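The values are calculated or read from the model by the stated rules, or taken from the named source; none is laboratory data. A quick note: this is a predicted structure, and the numbers were derived from the prediction, not measured. Methodologically, a virtual Cβ is constructed for each residue, glycine included, from the backbone with ideal geometry; neighbour enumeration extends over all protein chains shown. Just so you know, the surface numbers come from the protein's heavy atoms only, side chains and all, with ligands and any DNA or RNA stripped out. Shrake-Rupley method; radii C 1.70, N 1.55, O 1.52, S 1.80 Å.
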Amino acid sequence: VQLQASGGGLVQPGGSLRLSCVTSGDIFNSHIMGWSHQAPGKQRETVATITSSGRALYKEAVEGRFAISRDNSENTVSLQMDGLKPEDTGIYYCNARTAQFLQPKYWGQGTEVTVSS
């Protein structure tokens, strides 16, 4: 199973980045897709998930700044990140889970985001 993430980079505080993750149709159509963030020296945390019907949930710290979306024709899930803060720095991982209360079953390779002036 492959989840291929892209879109990370270096951005100044207040800036924006868009992350994308493509996977197979089998995974995309049958799983809740999401993004997790691992800050330096900290545990990985889920920041956003989206169901196959488009229902999105967010970690409180990113609510109103991040937006998760899915393109069903391209088997792609994206994370639009606006108003970035230094604490958003870290590795972002695309993932897929079978239920909201379960840990992800599949993980992408991660893409690095650095927010710094």
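Quick notes on this one:
- From Ser69, Ser53, residue being open to solvent by 20 Å² or more (accessible area, probe 1.4 Å), among the small types (Gly, Ala, Ser) and in a loop (DSSP other than H, G, I, E, B): Ser53
- Positions within region 12-38 being touching a helix residue (DSSP H, G or I) at 6+ places or on another chain (Cβ under 9 Å) and among the β-branched types (Val, Ile, Thr), in sequence order: Val22
Table: residues versus (1) polar (S, T, N, Q); (2) open to solvent by 60 Å² or more (accessible area, probe 1.4 Å).
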position	(1), (2)
Ile32	no, no
Ala39	no, no
Thr49	yes, no
Leu57	no, yes
Glu60	no, yes
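- Identity of the residue in region 17-50, in a helix (DSSP H, G or I) and not hydrophobic (A, V, I, L, M, F, W, C), that ends up farthest from Phe101 (Cα to Cα): Gly25
- The residues of region 56-65 that are touching a residue at least 24 places away in the same chain (Cβ under 8 Å) and part of a strand (DSSP E or B) amount to a single one, Leu57.
- For region 83-97, the criterion of being touching a Leu at 6+ places or on another chain (Cβ under 6 Å), in contact (Cβ under 8 Å) with a residue 12 or more places away in the chain and open to solvent by less than 70 Å² (accessible area, probe 1.4 Å) is met by at least one residue.
- Residue tally, condition crowded, with 18+ Cβ neighbours inside 10 Å and farther than 15 Å from Phe66 by Cα, over region 17-30: 4
- Exactly one residue out of Ser52, Ser20 is hydroxyl-bearing (Ser, Thr, Tyr) and at pLDDT below 95, and it is Ser52.
- For beta carbons closer than 8 Å, sequence separation of 6+ or different chains, a first residue in region 100-117 that is at positive phi and a second that is part of a strand (DSSP E or B), the qualifying pairs are Gly110/Ala5; Gly110/Gln38; Gly110/Ile91; Gly110/Tyr92; Gly110/Tyr93.
- Of the residues examined, Gly14 is one that is assigned to a loop (DSSP other than H, G, I, E, B) and open to solvent by 40 Å² or more (accessible area, probe 1.4 Å).
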